[in-house]
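FYI, it's all coordinate maths here, none of it is from the lab. These numbers come from a predicted model, not from an experiment. Because the Cβ atoms are built from the backbone with ideal geometry, glycine has one as well, and the counts that use them run over all protein chains shown.
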Amino acid sequence: MVASAGLLAAVPARVAHAGIPDSVRASSALPKAEDDSLRGRSGKLRAVLVPPSERRVGILERLFGDSLLRTPGVYSVMDSSAGMSVALITMRAFAEKLGGKIGAYRMGFWPGERKKLLATAYAYPEGFIEVTPENAETHVSEHFRLSDFLTHDQEGVWPKYLVLRAPLVDKLELVISQLEARGTPVRHMSVMSGFRTPQYNARSGERGGRSKVSRHMYGDAADVFIDNDGDGRMDDLNRDGRIDYRDAQVILDAVEQVERTYGDLVGGVGVYRATRSHGPFAHVDVRGSRARWGRL
């Protein structure tokens, strides 16, 4: 999603790669997105995710110079119409993954790499966001950062690589707004599981409850719960004095309303009960077709 209204001042962020000029001013606005805003339907997005195949690359090159194309990374862009900065995040190409790895970071193999899939929704992703210790806390929206969506493994390996789709982040922000509109305050929506590399996903394959073609591998799914008190578990959202799957159902109900309002964000929602290792949570994705499971 690349867009803006008004002129932009493009300035390298503290986390940007070397070789970008200290200050670059756009002589024209970036083209508008379908929702006519850098900030998405929710109004809360703070990042523009640019895949390697982005057709507007000529405009990006004029703004930042060809170093932007040679060195994918995270850059700060000023949206003058909104009076706020956003992160311009350019990705590394999927072809840079060799033998199941990018550099020292182990990824594994997507199903579409080894056999032909009938559905294009399960083809391998276009590219990867390179995440470093310096840019990991970059906001992608009001409530979420890059680090929220990283796979939970290879703790000491940097850089890490992430697949993330802006519509997922936008949908999560809309769900938060819907919950608050219904009287459920949300100070923190915790992402229990965001992107999962194929290697990580395979550790608990079908028998462990993970699909071999999990949407988590495609950057458009997240397992979430509301944790305003910071105890690492779901809060009592329905105020019945208990923490159970009914609280995850509250999230599902908010998702239903979001999907009724924004049909292009339709996807899957799953309600999960607590186990010994985690509390109840809800799976939310933007797969493009309606799916529901776990609802009681």
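The slack in the chain from residue 121 to residue 155, taken as 0.36 nm per residue of separation less the alpha-carbon distance, amounts to 9.3 nm. Between residue 142 and residue 260, what's the calculated FRET efficiency when r is the beta-carbon distance and R0 is 22 Å? Round to 0.05. That gives a FRET efficiency of 0.45. As a calculated quantity, the FRET efficiency between residue 93 and residue 229 at R0 = 35 Å, using C-beta atoms, amounts to about 0.25. Straight-line cross-link reach from residue 97 at under 21 Å between alpha-carbon atoms covers these lysines, not counting any fewer than eight positions away in the same chain: 115, 116, 160, 212. Using the Cβ-Cβ distance between residue 181 and residue 238 with R0 set to 25 Å, the FRET efficiency works out to roughly 0.95.
Counting neighbouring Cβ atoms within 10 Å and putting the fewest first, the residues 217, 91, 84 line up as 84, 91, 217.
Ranked by how many other Cβ atoms sit within 10 Å of their own Cβ, fewest first, the residues 220, 229, 236 fall in the order 229, 236, 220.
Of 143, 152, the sequence from fewest to most neighbouring Cβ atoms within 10 angstrom is 152, 143.
The modelled label-to-label distance for the pair residue 134/residue 273, using points 7 Å beyond Cα in the direction of Cβ, is 4.9 nm. In a reduced charge model with +1 at each Lys and Arg Cβ and -1 at each Asp and Glu Cβ, the stretch 224-296 shows a dipole moment near 380 debye about its Cα centre. Quick check: from the Cα gyration tensor, does the stretch 93-293 come out rounded (a/c under 1.5), prolate or oblate? Cα axes put the stretch 93-293 in the prolate bin.
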